[in-house]
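To keep things clear, I will list the structure first and then write my remarks on it.
Where a number appears in this text, it was derived from the coordinates with a stated rule and is not lab data. Worth saying up front: this structure is predicted, and the values here are computed from it rather than measured. In this analysis, Cβ positions are derived from the backbone assuming ideal geometry, glycine residues included, and neighbour counts consider all displayed protein chains.
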Amino acid sequence: MTETYPVVKGAEPFFFEGNDIGILVLHGFTGSPQSMRPLGEAYHEAGYTVCGPRLKGHGTHYEDMEKTTCQDWIDSVEAGYEWLKNRCGTIFVTGLSMGGTLTLYMAEHHPEICGIAPINAAINMPALAGALAGVGDLPRFLDAIGSDIKKPGVKELAYEKTPAASIRQIVQLMERVKTDLHKITCPAILFCSDEDHVVPPDNAPFIYDHIASADKKLVRLPDSYHVATLDNDRQKIIDTSLAFFKKHADRHHHHH
């Protein structure tokens with residue numbers, strides 16, 4: 001699948017070389033690396049090697065997204081993971097929304113991952129599934145889901161339309177990931193906004209209950225909506241995840 005449109009300014013992927021510990025940072029459905037950049041920069045400042053890939057069909061135009069499959073998105077993530085693996089012995093994964101879903105996917109398929117920190121991860125979105133099951137044909141493009149942010153004056157760089165074809169793909173991805181949650185055994189910290197107009201807040205407790213990790217924690221974000229990485233709780237996410245990486249990287253290094 002070749003993209004037709006150029007990458008929008010601000011939506012570029014980011015790669016920061018740092019120490020031997022890598023952090024893979026994943027954006028969400030219809031979004032771009034812009035939503036994760038503040039985290040990526042903070043992690044790099046703390047010394048880590050950071051990769052924030054741009055998911056195929058994202059950050060250009062929604063007509064590009066329409067042509068992509070969830071396997072394309074997985075491939076984009078796997079490519080970022082490979083980039084980190086060539087540089088780092090220890091890798092953590094974090095992601096927002098569908099980026100959180102892809103974070104869970106990676107933990108299901110790569111048991112060597114040291115820890116995960118999904119943020120408002122999507123595993124069950126009845127509104128999207130309902131749209132697909134609805135009567136009659138869906139329009140080709142639906143209204144956007146991006147930029148659900150409580151903080152005034154902040155905008156997510158996301159598509160103004162959502163392709164119906166892409167909704168089928170995310171629903172498929174969520175089903176695949178949901179089925180395999182029991183395969184996740186690495187340490188996990190699950191961030192969850194109290195008020196989220198995109199991913200229902202019951203997703204995080206469901207994930208918490210179904211992963212097999214002995215070390216797992218649910219962290220509430222009281223002052224943010226869905227795009228918490230650009231919202232009022234951004235610093236809380238950064239501080240909490242940095243403490244999580246430090247703790248588990250130290251532990252991981254003692255094993256070697």
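Considering only Pro152, Val171, Phe141, and ranking their Cα positions along the charge dipole of the range 92-184 that arises from unit charges at the beta-carbon of Lys, Arg, Asp and Glu, the one farthest toward the positive end is Pro152. Close amide H partners of Ile91, meaning residues 5 or more places away or on another chain with modelled amide H under 5 Å apart, are Gly22, Cys114.
First select every other residue whose beta carbon is under 15 angstrom from the beta carbon of Arg220; then total the charges, Lys and Arg +1, Asp and Glu -1. Residues near Arg220 contribute -3 overall. Net length available on complete extension from Ala165 to Thr185 is 3.9 nm, with 0.36 nm assigned per residue and the Cα-Cα distance removed.
With bins 5 Å wide beginning at 0, the percent of Cα pairs of the range 10-87 falling in each bin runs 3, 18, 27, 24, 15, 8, 4, 1. Take every Cα pair under 8 Å whose residues are at least 6 apart in sequence, average their separation, divide by the length of the chain, and the relative contact order is 20 percent. With the convex hull drawn around the C-alpha atoms of the range 79-129, the volume per residue stands at 78 Å³.
In the chain, the ratio of gyration radius to Kirkwood radius, Rg to Rh, stands at 0.94 when only Cα atoms are counted.
The distance between label points at Glu175 and Asp209 comes to 2.2 nm (points 7 Å beyond Cα on the Cα→Cβ vector).
Evaluating 6.51 cos²θ - 1.76 cosθ + 1.60 at θ = phi - 60° for every residue in the range 22-33, the Karplus couplings come out as x, 10, 9, 10, 10, 8, x, 4, 6, x, 7, x Hz, glycine and proline recorded as x. Spacing of the modelled spin labels on Asp143 and Glu195, each 7 Å from Cα toward Cβ, amounts to 1.8 nm. Here the simple spin-label model places points 7 Å from the Cα toward Cβ, and for Asn19 and Glu41 these points are separated by 2.2 nm. The mean sequence separation of alpha-carbon pairs under 8 Å and at least six residues apart, normalised by the residue count of the range 35-94, gives a relative contact order of 29 percent.
Mean-square fluctuations from a GNM of the chain, with a 10 angstrom spring cutoff on Cα atoms, peak among Ala228, Ala11, Ala122 at Ala11. Using equal-weight Cα scatterers in the Debye expression, the normalised intensity of the range 102-203 in log10 at q = 0.13, 0.15, 0.22 Å⁻¹ is -0.57, -0.74, -1.25. Here the range 18-139 is treated as a sphere whose radius is the Kirkwood value from Cα pairs; by Stokes-Einstein at 25 °C and 0.890 mPa s it diffuses with a coefficient of 164 µm²/s. Taking the chain as a Gaussian network of alpha-carbon nodes connected by springs under 10 Å, the highest mean-square fluctuation of the residues Gly153, Gly28, Gly99 belongs to Gly153. In this structure, the amide hydrogen of Lys216, modeled 1.01 Å from its nitrogen in the peptide plane, lies closer than 5 angstrom to those of Ala188, counting only residues at least 5 positions away or on a different chain. When only the Cβ of Lys, Arg, Asp and Glu is charged (+1, +1, -1, -1), the dipole of the chain relative to its Cα centre reaches about 280 debye. So which residue, out of Gly100, Gly47, Gly130, gets the largest mean-square fluctuation from a GNM of the chain using Cα contacts under 10 Å as springs? With Cα springs under 10 Å in the chain, the top fluctuation among Gly100, Gly47, Gly130 is at Gly130. Here the Karplus relation 6.51 cos²θ - 1.76 cosθ + 1.60, evaluated at θ = phi - 60°, turns the backbone of the range 3-11 into coupling constants of 7, 8, 9, x, 6, 5, 4, x, 9 Hz, with x for every Gly and Pro.
Only the Cβ atoms of Lys and Arg (+1) and of Asp and Glu (-1) were treated as charged; on that basis the dipole of the range 1-48 about its Cα centre amounts to roughly 200 debye.
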